[in-house]
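Below is one structure, written out as structure tokens; comments come after it.
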Amino acid sequence: MFRKVLVANRGEIAVRVVRACEELNVGTVAVYSDADKNSGHVRHADEAYNVGPARAADSYLDHDAVIEAARKADADAIHPGYGFLAENASFARNVEEAEGITWIGPSSDAMESLGEKTKARKIMAEADVPIVPGTTDPVTEPEEITDFADEHGYPVAIKAEGGGGGRGMKVVEAESEVEAQLESARREGEAYFDNDSVYLERYLENPRHIEVQIVADEHGNVRHLGERDCSLQRRHQKVIEEGPSPALTDELREKIGEAARRGVAAADYTNAGTVEFLVEEDLDRDGLLDPDANFYFLEVNTRIQVEHCVTEEITGLDIVKRQIRVAAGEELDFAQDDVEIDGHAMEFRINAENAAKDFQPATGGKLTTYDPPGGLGVRLDDALRQGDELVTDYDSMIAKLIVWGEDREECIERSLRALREYEIEGITTIIPFHRLMLSDERFVEGTHTTKYLDEELDRSRIEQAQDQWGPADGAATAADDEEVVEREFTVEVNGKRFEVELEERGAPAIPTGQGASASGSSGPQHRSAADEPDDAAAAAAGDGESVTAEMQGTILSIEVAEGDEVSPGDVVVVLEAMKMENDIVASAGGTVSEIPISEGESVDMGDTLVVLE
Ligand code: MV4
């Protein structure tokens, strides 16, 4: 076993890895950027090293700085977490080649061949894993696309060889779009992955997203740990993940699991990984997928994933500890038949975003109250505590709530209970959105697909949920400095007198004279000012708007020019961040007066992208 592991990441996943190390009696080293000096992951590790300025490219993504920190700390292994350098094959190679340091992950060779999508498709097809009908070699000519469409029909997906996650896919709906989409896919591939090579797949219109967790050792053993259903996504961002999938029969589950196992075995894969599949929508009357439904390999994620916890809860296995033990050369000590799926789990990403404002991420704030839920079946993975300032330089996820129940129904009830119990003041989160989903017919039935959030859910319901269950705009951040007015009342209910103490925060004191009546909301959720939503923020957009970057990333394309008229909801810029393509939209309309950025430029969260008048 290792002596000391450096965790090349931040936030909740860094804490997750530190916890696994502690249980293995392995020392821990954190790295942090200037923005993260006071962050939770630094508090949890035995020692911590600064690796550079806030900008990720200059700190968490700096190969040399991270390896240098491992040297200084005398660490003998590096765990990359997810995001940042986790799927960077050349970083993995640099670590493999560093004397005395082990890479906790798949070999750089396996990462490289699975990262190249046509190669991955070839490996899978040879291992008898179904791939989406398409090409396993790059295409360069428009005729190759029209020929393919003649055989398989439209739509056709053009995908970048180096793509993955939400990046590098163009959909061709008709022959007239072939040339433009091919051009666009190649341009994107070049911009993102230094690789303009693209290939084709038949585009599945309404698939479910099923992914299989696998873990493999260096002695030829590969196990699958069942699947997760990640169909609930917003612009390629997962928001709720669950396992097992509510749509799979045991028969189809077994087929997909075994396909995943065959596929990674053929790729000489080791450590933890996830094999993603698309399953063609074909539900029977019980909302279950036909056991003969078509499923297709999509890609392998060569890292631990955000949602690995779902699998941990239903299998009882600690996947991060398994990663570390496998990397240290240990053999997996359980057989495939020993893996039992018990009950149901869901994971809710607690993002500091306002769901009612198109999931706009918070640009700052302080956790004046942080009191997460507990009790049976409730797990919280986070890296913050009350009083912390929000770090907004990276992504907006501040915590994950993972809930286990004996079955899906209990899991949903318990999740609602936990989300009601979760108290956060000072920043807006998507907790109200999660509560909406747990009472949404389609989600509760389990018949939602990857299109549901982006194309079917009525947005006004999200606004309503945020009004009902979220903090009033501005009230929470102001709460800190506000005077607390305490009053005592005597009330009489059904002939019995009660002495009542009231604490008023941030609202005018209740008049106590004639006409004052004791109306009010009940239940644990009401907050003083929450019943009257503040319209000031919504109105402020009226006379101009600065469209700002939602997160740190790279400008992929600018969709407007100075002088253009823009309507609310129009895409103005496409920003690539955390491996995803994000359409940045104008929330108010106006005329473009300034574009202070250029394509290919790297921007920080909060930077102005486009000014509208
Ligand atoms: C697809 C697809 C339909 N047909 N490929 C989106 C991210 C990228 N890595 C793969 N993606 C898709 N590939 C074919 N041939 C639909 C998607 C897709 C999707 C996939 C998984 C989860 C959510 C999604 C949302 C939109 C599109």
Answer yes or no as to whether Thr146 is among the polar types (S, T, N, Q), over 28 Å from Thr554 (Cβ atoms) and assigned to a loop (DSSP other than H, G, I, E, B).
-> no
Sole miss for Thr270 among (1) closer than 18 Å to Asn206 by Cα; (2) among the polar types (S, T, N, Q); (3) more than 16 Å from the chain's Cα centre (by Cα); (4) open to solvent by 10 Å² or more (accessible area, probe 1.4 Å) is condition (1)
With respect to Glu201, determine if the residue is without any contact (Cβ under 8 Å) to a residue 12 or more places away in the chain and either buried (at least 20 other Cβ atoms within 10 Å of the Cβ) or part of a helix (DSSP H, G or I) (or both).
-> no
Is it fair to say Ile324 is farther than 29 Å from Leu232 by Cα and in contact with a Phe, Trp or Tyr (Cβ under 8 Å, 6 or more places away or on another chain)?
-> yes
Just for the range 288-300: of the residues that are away from the ligand (no atom under 16 Å from the Cβ) and not hydrophobic (A, V, I, L, M, F, W, C), which one is surrounded by the fewest Cβ atoms within 10 Å (Cβ to Cβ)?
-> Asp292
Among the residues of the range 211-252, write down those that are assigned to a loop (DSSP other than H, G, I, E, B) and either surrounded by 18 or more Cβ atoms within 10 Å (Cβ to Cβ) or more than 13 Å from the ligand (Cβ to nearest atom) (or both).
-> Asp217, Glu218, His219, Gly220, Asn221, Pro244, Ser245, Pro246, Ala247, Leu248, Thr249
So which of Arg303, Arg261, Arg285 is at pLDDT 95 or above, away from the ligand (no atom under 16 Å from the Cβ) and basic (Lys, Arg)?
-> Arg261
Pick from the range 134-149 the residues that are polar (S, T, N, Q) and either open to solvent by 70 Å² or more (accessible area, probe 1.4 Å) or within 21 Å of Met124 (Cβ to Cβ) (or both): which of them is farthest from the ligand (Cβ to nearest atom)?
-> Thr140
Quick one: count up the residues across the range 83-100 that are open to solvent by 10 Å² or more (accessible area, probe 1.4 Å) and either at negative phi or of a type in the set (A, V, I, L, M) (or both).
-> 10
Of those in the range 461-487 that are modelled with pLDDT under 75 and surrounded by fewer than 17 Cβ atoms within 10 Å (Cβ to Cβ), the residue farthest from Gly365 (Cα to Cα) is Val485
Looking only at the range 96-103, decide whether some residue is over 21 Å from Ala216 (Cα atoms) and hydrophobic (A, V, I, L, M, F, W, C).
-> yes
All positions within the range 442-458 that are within 11 Å of the ligand (Cβ to nearest atom) and touching a Pro at 6+ places or on another chain (Cβ under 7 Å) | Thr449, Thr450
Select from the range 572-601 the residues that are open to solvent by 50 Å² or more (accessible area, probe 1.4 Å) and assigned to a strand (DSSP E or B) and list them in ascending order.
-> Asp583, Glu594
Given the conditions (1) in a strand (DSSP E or B); (2) open to solvent by 10 Å² or more (accessible area, probe 1.4 Å); (3) hydrophobic (A, V, I, L, M, F, W, C); (4) away from the ligand (no atom under 11 Å from the Cβ), every one holds for Met169 apart from (4)
Go over the candidates Gln336, Gln323, Gln305 one by one and state the one that is of a type in the set (S, T, N, Q) and surrounded by fewer than 17 Cβ atoms within 10 Å (Cβ to Cβ).
-> Gln336
Give me a count of the residues in the range 194-206 that are within 13 Å of the ligand (Cβ to nearest atom) and either polar (S, T, N, Q) or at pLDDT below 90 (or both).
-> 1
Does the range 440-460 include one or more residues that are of a type in the set (D, E, K, R), open to solvent by 40 Å² or more (accessible area, probe 1.4 Å), over 34 Å from the mean Cα position of the chain (by Cα) and modelled with pLDDT of 50 or more?
-> no
Among the listed residues Arg261, Arg285, which satisfies the condition of being part of a loop (DSSP other than H, G, I, E, B), farther than 23 Å from Pro80 by Cα, of a type in the set (Lys, Arg) and open to solvent by 10 Å² or more (accessible area, probe 1.4 Å)?
-> Arg285
For the range 98-105, indicate whether the set of residues that are assigned to a strand (DSSP E or B) and more than 16 Å from the ligand (Cβ to nearest atom) is non-empty.
-> yes
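Results for (1) in contact with a Ser or Thr (Cβ under 8 Å, 6 or more places away or on another chain); (2) closer than 26 Å to Glu112 by Cβ; (3) in contact (Cβ under 8 Å) with a residue 12 or more places away in the chain, shown as yes or no for each residue.
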{"residue": "Pro142", "(1), (2), (3)": "no, no, yes"}
{"residue": "Ala157", "(1), (2), (3)": "no, yes, yes"}
{"residue": "Ala160", "(1), (2), (3)": "yes, yes, yes"}
{"residue": "Arg167", "(1), (2), (3)": "no, yes, yes"}
{"residue": "Ala174", "(1), (2), (3)": "no, no, yes"}
{"residue": "Glu177", "(1), (2), (3)": "no, no, no"}
{"residue": "Gln181", "(1), (2), (3)": "no, no, yes"}
{"residue": "Phe193", "(1), (2), (3)": "no, yes, yes"}
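The values are calculated or read from the model by the stated rules, or taken from the named source; none is laboratory data. Quick caveat, the model's predicted, so the values are computed rather than measured. When we count neighbours, we look across all protein chains shown, and the Cβ atoms used for this are built from the backbone with ideal geometry, even at glycine. Note: accessible area is taken over every heavy atom of the protein model, side chains too, but ligands, DNA and RNA are not part of it. Shrake-Rupley method; radii C 1.70, N 1.55, O 1.52, S 1.80 Å.
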